[in-house]
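Derivation of every value follows stated rules applied to the coordinates shown; laboratory data play no part. Please read all numbers here as calculations on a predicted model, not as lab measurements. As a convention, Cβ positions derive from the backbone with ideal geometry for all residues, glycine included, and neighbour counts pool all protein chains shown.
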Protein chains: 2
Amino acid sequence: MHIAQLVPLQIAVPPCAYGGTERVVYNLVEALVRQGHDVTLYATGDSHTSARLVPMLDKALRFDPNVDATAHHIAMLNEIYADADQYDIIHSHMEYITLPFVDKTRRPTLLTLHGRLDVPAWNRVYRRYPAANYVSISDAQRQFLPQLRWVRTVHHGINVADFPFQPEHGDYLTFVGRMSPEKRPDIAIEVARRSGIPNKIAAKVDHKERPFFEREIVPLLDDPLVEWLGEVDETGKRELMANALALLLPINWPEPFGMVFIEALACGTPVLTCPLGSVPELLMDGITGYCGCTVEELVEGVKKVWRISREGCRSYAARRFDSSRMASEYVDVYRELQGHRRRYFVAPGPLIAHPAVPGILTRAPRKAGRVADSVHGAALP
Amino acid sequence: MHIAQLVPLQIAVPPCAYGGTERVVYNLVEALVRQGHDVTLYATGDSHTSARLVPMLDKALRFDPNVDATAHHIAMLNEIYADADQYDIIHSHMEYITLPFVDKTRRPTLLTLHGRLDVPAWNRVYRRYPAANYVSISDAQRQFLPQLRWVRTVHHGINVADFPFQPEHGDYLTFVGRMSPEKRPDIAIEVARRSGIPNKIAAKVDHKERPFFEREIVPLLDDPLVEWLGEVDETGKRELMANALALLLPINWPEPFGMVFIEALACGTPVLTCPLGSVPELLMDGITGYCGCTVEELVEGVKKVWRISREGCRSYAARRFDSSRMASEYVDVYRELQGHRRRYFVAPGPLIAHPAVPGILTRAPRKAGRVADSVHGAALP
């Protein structure tokens, strides 16, 4: 299949550091190429890929406040959609900015939504395009917008073989992620304290989250059981997780997909967290670790987590979250959309005689909400 | 005529304080309504207008970094263009974000570009849409993108009658504008010093420009000839300008349209500035004040500026920059676009038999660059 993959220009593929979406796209593209597909990646020129790379900008923009990324993205989409007919499928990871372009070609566009949908502005814009082809990254993600035309849920995938498997369990807990109130580092510290087991905390502190960190977390770090590591690189993160007793990440928001959970499992390390958002879909209580809603329940989890099979965690990750599985599921979706192309845009009305000016043709009013279907390329009106 | 006016959602119409585009749109809409047109304004609900207001959001977003204005704008444009057929013309002031929508209707869209075009990201996106219908706010604005389909230059307009006319010249110079290196407040101070005439400086200091202000300008303010007023409101600004000997604003960048110049003229106050960007189009050397490229030339200008006729400045502003003139020029453009609707987008190819699969219809490849014209609503292919 001829597949176009579209990513935003802020971060290269794969990302050097932070960049969840770009890492998933990297994994997907590599797996699609391995499966023999003809993949074109539209990304920044400093990206690395086995696919054909069409650079849309020399270098990743990062989040430079002096550069208008939206203008670059609209120019980029205009360029791509002018040539879209050469692809069987256009798969965009560029979120809502893709939507005004999807009817510029008859080739189907698939849009994977990577972000949260409870943000009012994002919720509003997706509600205006209910019939585009959406993929959710978990069933839980759909709860805020159940009315969209969700084609499928495709869970993210990683290259499980790239993660170091550690068959023996370690003697510390670890918290890995962004330093944000939604990840509840304070609870992670409290749980470690009450269970008497050390907690190694590796987290990126964003500019935006620094006040929270200084005010709420720094006072808690002065404890012999707590070790603050700051931001660690990808290799360091994997080592840290592999050698831990468990990943302890007591989220308190409906995270659409917890990437770090499946990375920990790939290392053989069980996960202790709260059953919110995608967690019940990704993890199995008692098999991949334990879920708890309170500090007490999580402390209970810590006490018995050594009993979880680390081989079981690893093979669970390999079976359910390898990137080859993700690629195969996407190819299924691509095939489905190729067969059944839905035109969701409102078709223009027919030409009729102008009601006021004799001899002049005009368009009848558009019939709002009209949807025409075609199967296998048959005629559209 | 049925006219839709589209403005961004960050600032209400008219703006409370800063908001050049929104003030121009306010003036335009009021003048169009006075001329008997049926105008619909798509803006925030806290706007005030004589036209029909369709609120796209309760309140102006300001520049809240926690709200994604682009998502709101795309949702807004999707909503408007779904009903666009009811208008004779859609006139957008929303810059490039409008472009992906202009081919969603056969009604013509006119896009007034209010900003500078030498910013790489903006330049890139407009180059991708060379054949949309653009209005420049000065001929000078076009220099960075001469290849666009510029339909007309329409200079901004103000309600000259709302400005206090002062027939006697004052005894101080004034600098009114943003505190930015591009407006050269340092030169304005130097000129006042050398000519021995007081300079009253009224300027907004943005967060971004505070370092420049602290470092470069604050040390210069400690001078008996310099009076620092900080940010003043609209009424204060008009009083300040009306009672001045001259407005002294030695810009050093190609400003696409200097609104404050024509506001000063409306008060009868001549202007001293540098002949860059739109200045030679807006001002007449020796009639509305003097232009100079160096401190010496500007000091020369100060010496003779009392000779400029203040009545002449006022009537020049009334003749050339009243909002009724702006509205009439836009109506001319609207009429022209109504008669001659250019479809600039690439039309889809005709249905043909599929070259490989018998019995199946497919689309012939699109003929890139094809442009179809129609005159007075006659059939389009």
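Which residue, A:ASP88, A:ASP118, A:ASP68, tops the fluctuation ranking in a GNM of chain A built on C-alpha contacts under 10 Å? Highest fluctuation among the options: A:ASP68. Distances, shortest first, from the label point of B:PRO120 to those at the same position in the other copies read 3.6 nm; the point lies 7 Å along Cα to C-beta.
Given the C-alpha centroids of the stretch A:172-188 and the stretch B:72-129, what is the distance between them in whole angstrom? A separation of 44 Å, based on Cα centres. Once the C-beta distance of B:ASP88 and A:GLU168 is scaled by a Förster radius of 51 Å, the resulting FRET efficiency is 0.10 to the nearest 0.05.
Other chains' Cβ within 10 Å of A:125-135 residues: what's the mean?
Values: counts 10, 2, 2, 8, 3, 0, 0, 0, 0, 0, 0.
Mean inter-chain Cβ contacts per residue within 10 Å come to 2.
Length available on full extension from A:GLU311 to A:THR235: 0.36 nm per residue minus the Cα-Cα distance, which gives 25.3 nm. Averaged over the residues of peptide B:102-114, the number of Cβ atoms from other protein chains lying within 10 Å of each residue's Cβ is 1. Whole-percent P(r), the stretch B:77-198, all Cα pairs, 10 Å bins from 0: 10, 29, 25, 19, 12, 4, 0. For the segment A:65-77, counting C-beta atoms of other chains within 10 Å of every residue's C-beta and taking the mean gives 6.
Rounded to the nearest 20, the Cβ-based charge dipole of the stretch A:188-323 about its Cα centre (Lys and Arg +1, Asp and Glu -1) stands at 380 debye. Paramagnetic label reach from A:VAL295 (point 7 Å along Cα→Cβ; backbone nitrogen cut-off under 11 Å): within the stretch A:183-210, residues A:186-195. Taking the charge dipole of chain A about its Cα centre, with +1 at Lys and Arg Cβ atoms and -1 at Asp and Glu Cβ atoms, the residue from A:VAL295, A:LEU229, A:ASN78 reaching farthest to the positive side is A:ASN78. Here A:ASP332 and B:ASP206 are evaluated by their C-beta separation; at R0 = 30 Å the FRET efficiency comes out at 0.05. Only one residue of B:PRO108, B:ALA121, B:ILE137 has its Cα farthest out toward the positive end of the dipole of the stretch B:84-141, where Lys and Arg carry +1 and Asp and Glu -1 on Cβ, and that residue is B:ALA121. Rounded, prolate or oblate: pick one for the stretch B:157-239, where a ≥ b ≥ c are the square roots of the eigenvalues of its C-alpha gyration tensor, a/c under 1.5 means rounded, and failing that, prolate if a/b is larger than b/c, else oblate. Cα axes put the stretch B:157-239 in the oblate bin.
Phi angles across the stretch A:55-61 convert, under the Karplus curve 6.51 cos²θ - 1.76 cosθ + 1.60 with θ = phi - 60°, into 3J(HN,Hα) values of x, 9, 5, 4, 9, 4, 6 Hz, Gly and Pro given as x. Please state the shape class of the stretch B:192-296: rounded when a/c is under 1.5, otherwise prolate if a/b exceeds b/c and oblate if not, all from the C-alpha gyration tensor. Rounded is the answer for the stretch B:192-296, as its axis ratio a/c remains below 1.5.
Size of the dipole of chain A about the Cα centre, Lys and Arg at +1 and Asp and Glu at -1 on the beta carbon, nothing else charged, in debye to 20? Write down the numbers at each step before the final one.
Values: 43 positive and 45 negative charges, 339 e Å.
It works out to roughly 1620 debye.
Each label was represented as a point 7 Å from its Cα along the Cα-to-Cβ direction; for A:ILE287 and A:SER50 these points are 2.9 nm apart. Ordering A:VAL29, A:PRO55, A:ALA69 by Cα displacement along the dipole of the stretch A:15-106 toward the positive end leaves A:VAL29 in first place; charges were set at the Cβ atoms of Lys, Arg (+1) and Asp, Glu (-1).
Relative to the longest principal axis of the Cα atoms of chain B, helix B:310-321 runs at roughly 10 degrees. Simple spin-label estimate for A:ASN159 and B:GLU216 gives 5.0 nm between the two label positions (7 Å along the Cα-to-Cβ direction from each Cα). Shown here is the pair-distance distribution of the protein assembly as shown: with all Cα-Cα distances grouped in 10 Å bins from zero up to the longest one, the shares run 2, 12, 19, 20, 17, 14, 10, 5, 1, 0 percent. Scanning chain A for the beta carbon that comes closest to the axis linking it by rotation to B yields A:PRO100, 2, distance in whole angstrom. Counting only Cβ charges, +1 for Lys and Arg and -1 for Asp and Glu, the dipole size of the stretch A:1-100 around its Cα centre is about 280 debye. Give the distance, in whole Å, between the Cα centre of the stretch B:243-305 and the Cα centre of the stretch A:3-34. The distance from the Cα centre of the stretch B:243-305 to that of the stretch A:3-34 comes to 53 Å. Taking 7 Å steps out from each Cα toward its Cβ at A:MET1 and B:TRP253 produces label points 4.7 nm apart.
Computed over the Cα atoms, what is the radius of gyration of chain A divided by 2.2 N^0.38 Å, N being its residue count? Please report the intermediate quantities before stating the final value.
Working: Rg = 23.6 Å, N = 381, 2.2 N^0.38 = 21.0 Å.
Normalised by 2.2 N^0.38 Å, the Cα Rg of chain A equals 1.12.
With its label point defined 7 Å out from Cα along the Cα-to-Cβ axis, B:GLN86 lies at 4.3 nm from the matching points of the other copies, in increasing order. Helix B:185-195 against the longest principal axis of chain B: what's the angle in degrees, Cα atoms only, rounded to the nearest 10? Approximately 30 degrees, to the nearest 10. Decide, for the stretch B:7-146, between rounded, prolate and oblate: order the square roots of the alpha carbon gyration tensor eigenvalues as a ≥ b ≥ c, take rounded if a/c falls under 1.5, and otherwise choose prolate if a/b is larger than b/c, else oblate. Taking the square roots of the gyration eigenvalues as a ≥ b ≥ c, the stretch B:7-146 is rounded. Lysine pair count for chain A (Cα-Cα distance under 16 Å; residues 8 or more apart in sequence or on different chains): 5.
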